[in-house]
1. Being within 18 Å of F267 (Cβ to Cβ) and within 11 Å of ligand 1 (Cβ to nearest atom), is that true of even one residue in the stretch 143-161?
2. So which residues in the stretch 13-57 are within 13 Å of ligand 1 (Cβ to nearest atom), touching a residue at least 40 places away in the same chain (Cβ under 8 Å) and within 21 Å of K173 (Cβ to Cβ)?
3. Filter the stretch 288-314 for residues that are over 14 Å from M210 (Cα atoms) and touching a Leu at 6+ places or on another chain (Cβ under 9 Å) and give the result.
4. Does S76 satisfy the criteria of being surrounded by fewer than 22 Cβ atoms within 10 Å (Cβ to Cβ), in contact (Cβ under 8 Å) with a residue 60 or more places away in the chain and under 30 Å from Q283 (Cα atoms)?
5. Looking only at the stretch 201-227, which residues are touching a helix residue (DSSP H, G or I) at 6+ places or on another chain (Cβ under 9 Å), more than 10 Å from ligand 1 (Cβ to nearest atom) and β-branched (V, I, T)?
6. From the list P112, P107, which one is under 17 Å from R233 (Cβ atoms), loosely packed, with under 15 Cβ neighbours inside 10 Å and in contact (Cβ under 8 Å) with a residue 40 or more places away in the chain?
7. Could you please find all residues in the stretch 105-135 being out of contact with any Phe, Trp or Tyr (no Cβ under 7 Å at 6 or more places or on another chain), part of a loop (DSSP other than H, G, I, E, B) and β-branched (V, I, T)?
8. Check whether at least one residue in the stretch 122-132 is hydrophobic (A, V, I, L, M, F, W, C), away from ligand 2 (no atom under 16 Å from the Cβ) and surrounded by fewer than 16 Cβ atoms within 10 Å (Cβ to Cβ), and report yes or no.
Amino acid sequence: MKDQTILITGSKGQIGTELANMLKTKYTRVITSDIHKNEIGDKDYVQLNVLDKNRISEVIGDYKVGQIYHLAAILSAKGEENPTLAWEVNLTGGLNILDSAVLHKVPRVFWPSSIAVFGPQTPKEQTPQHTVTDPTTIYGITKLAGERWSHHYYTKKGLDIRSLRYPGLISYKAMPGGGTTDYAVEIFHEAIKHGRYTSFVSSDVRLPMMYMPDALRATIELMEAPTDQIKIRSAYNVAGVSFSPKELAASICKVIPDFEIDYAPDFRDGIAQSWPSSIDDSQARVDWGWKPEYDLDQMTQEMIKELKGVKYSV
Ligand code: NAD
Ligand code: SER
């Protein structure tokens, strides 16, 4: 396994930036890729647009790729602003990866889904693994279709594809790329820089969230689990911690007592209100032993410590 070459698409994003570093500690060669140019001459980076199927195939063949982490996507808020682009990148791009993986017999593929597959008729609390999925965003529609495609490629073409429905992810190494849960990262930067934040999600809207170290561990644990333990080939529910902007602000106040928050909800508030408040991840716990480690206050303390130490140190 250690000798397999890994390919990451969308590696310059919020997750890819950190996942690449973690995978480099486990595998001999990690090829990172994104739509952007290779500006620093990194020999293990390739410019790769996931809409270019021939180039995907070329890269997989040239590097004899053994695992793909397909992260390239347009997230929920950007997707509402440009639905055609979201459909193209998320679905056509996803199918290009799946077809190329089958063609080159890539042994294993990871592709993330999202809590965005759920919608207004989904049970809001402890949302079950199998339940109503009626997404109202184009992003959620692409994730739901992607889940069904994943299941199809597993059952009909034998592709070992594995997926998680990530909650909103909180991290300090890279900024998020245009989602609804971005507020929960921006708030930390603003708390440290200006001591205040105006939230585009209203005060009491609770969403499922997860601190990046938990998300990276969930990803690796899923990908390393023995095949017979993977019972869901669409995407697993995974939970970390749920909170509202008001609850997150209260947690930040424990570290930065003068921190203030106010609210100016925009269209992203409507998206947030359509998503669950908490997730039942019991199937992931039973099948491959998933368990989150961070609670809200632990995450807050570490985010502020790391951001103050690295990004905003003077
Ligand atoms: P991000 O927006 O930070 O990064 C996505 C990357 O994809 C960017 O670097 C972008 O340049 C790249 N990209 C866009 N179009 C491309 C194209 N045509 N070809 C190649 N690259 C392209 O997103 P992220 O937060 O790192 O998310 C990664 C994956 O995880 C996505 O599938 C996303 O839906 C999923 N996810 C993320 C979250 C979260 O909170 N971050 C939650 C649920 C699911
Ligand atoms: N964090 C993502 C978003 O808000 C959810 O998949 O778009």
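Coordinate-derived values only; no laboratory data. Quick caveat, the model's predicted, so the values are computed rather than measured. Cβ: placed from backbone, ideal geometry, glycine included. Neighbour counts: every protein chain shown.
1. No, there is no match, as no residue in the stretch 143-161 is within 18 Å of F267 (Cβ to Cβ) and within 11 Å of ligand 1 (Cβ to nearest atom).
2. Residues satisfying the conditions are G13, Q14, I15, G16, T17, E18, L19.
3. The one that is over 14 Å from M210 (Cα atoms) and touching a Leu at 6+ places or on another chain (Cβ under 9 Å): W288.
4. Criteria not met by S76.
5. Scanning the stretch 201-227 gives V201, V205, I220.
6. Among P112, P107, only P107 is under 17 Å from R233 (Cβ atoms), loosely packed, with under 15 Cβ neighbours inside 10 Å and in contact (Cβ under 8 Å) with a residue 40 or more places away in the chain.
7. V106, T122, T131, V132
8. Within the stretch 122-132, one or more residues are hydrophobic (A, V, I, L, M, F, W, C), away from ligand 2 (no atom under 16 Å from the Cβ) and surrounded by fewer than 16 Cβ atoms within 10 Å (Cβ to Cβ).
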